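Visitor: Sharing a structure, written as structure tokens. Questions coming.
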Amino acid sequence: MSITVEVDLPEEVIREARTLGLLESKRMTAMLAEELSRRRAGRELRRMLDQVRSASGAEMSMEEVNAEVKAARAERRLRCATRTMSRSSPVPWLRLPMRS
């Protein structure tokens, strides 16, 4: 499905947008998709913040926060390492130079 959209723009905006290819259908579609994605992410972030703010319980100590951050970073490193693991390395996070 497609629709036709008519927009009133100042001449200067039209000239610059046309020069940059921003008035082409594919680019307009991409810009709208990017904006929709940003708005979804914003809504999700606000939802998560509301959950955090409404959570009950004791506050975490700085040591607990640091431990959580350290664990999350280690998990992320492991995920990234297993995706980019070198075939010649028996250890996922150790990348060996390629031999010629």
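The values are calculated or read from the model by the stated rules, or taken from the named source; none is laboratory data. Computed from a predicted structure; not experimentally measured. Every residue, glycine as well, gets a Cβ built from its backbone with ideal geometry; the counts of neighbours run over all protein chains shown.
Visitor: List, please: which pairs have Cβ atoms under 7 Å, are six or more places apart or on different chains, and start with a residue in region 18-36 that is closer than 15 Å to Glu6 by Cα and end with one that is part of a helix (DSSP H, G or I) and of a type in the set (A, V, I, L, M)?
Guide: Leu23/Ala17
Visitor: Another question, if that's okay. Go over the candidates Ala41, Ala74 one by one and state the one that is more than 22 Å from Ser2 (Cβ to Cβ), outside the structural domain of Ile3 (by TED's automatic domain parsing) and among the small types (Gly, Ala, Ser).
Guide: Working: Ala41 fails: outside the structural domain of Ile3 (by TED's automatic domain parsing).
The match here is Ala74.
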